[in-house]
């Protein structure tokens, strides 16, 4: 079953900057075997020129940072929960004011 990821709780997913970032200085794919690629069921990560990259950021589940805990080198990070809350609140307010 293919899930529509274009929205999150009715908000446009493309306006929610929730996705992993990779610190290239910490990423060691030759040592972990690209664990993030194998772990993520949504194919957010890809291998490009021998390194892991965030290839499909908006396929990431909003609020889910489980891949961060899977990286043995701490190379994966996300925005803070507070940043996410502010983004969602702001988008809701904007969409509600536009609907009036």
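Residue count for region 72-100, restricted to those that are touching a strand residue (DSSP E or B) at 6+ places or on another chain (Cβ under 9 Å) and more than 15 Å from residue 19 (Cα to Cα): 3. Out of region 1-40, which residues are part of a helix (DSSP H, G or I) and more than 19 Å from residue 70 (Cβ to Cβ)? Listed by number, the residues that qualify are 13, 14, 15. Based on this model, can you work out whether residue 85 counts as in contact (Cβ under 8 Å) with a residue 12 or more places away in the chain, in a helix (DSSP H, G or I) and farther than 15 Å from residue 24 by Cβ? Criteria not met by residue 85.
Bear in mind that the values in this text are calculations on the coordinates, not laboratory data. All values derive from a computational prediction rather than experimental measurement. In this analysis, Cβ positions are derived from the backbone assuming ideal geometry, glycine residues included, and neighbour counts consider all displayed protein chains.
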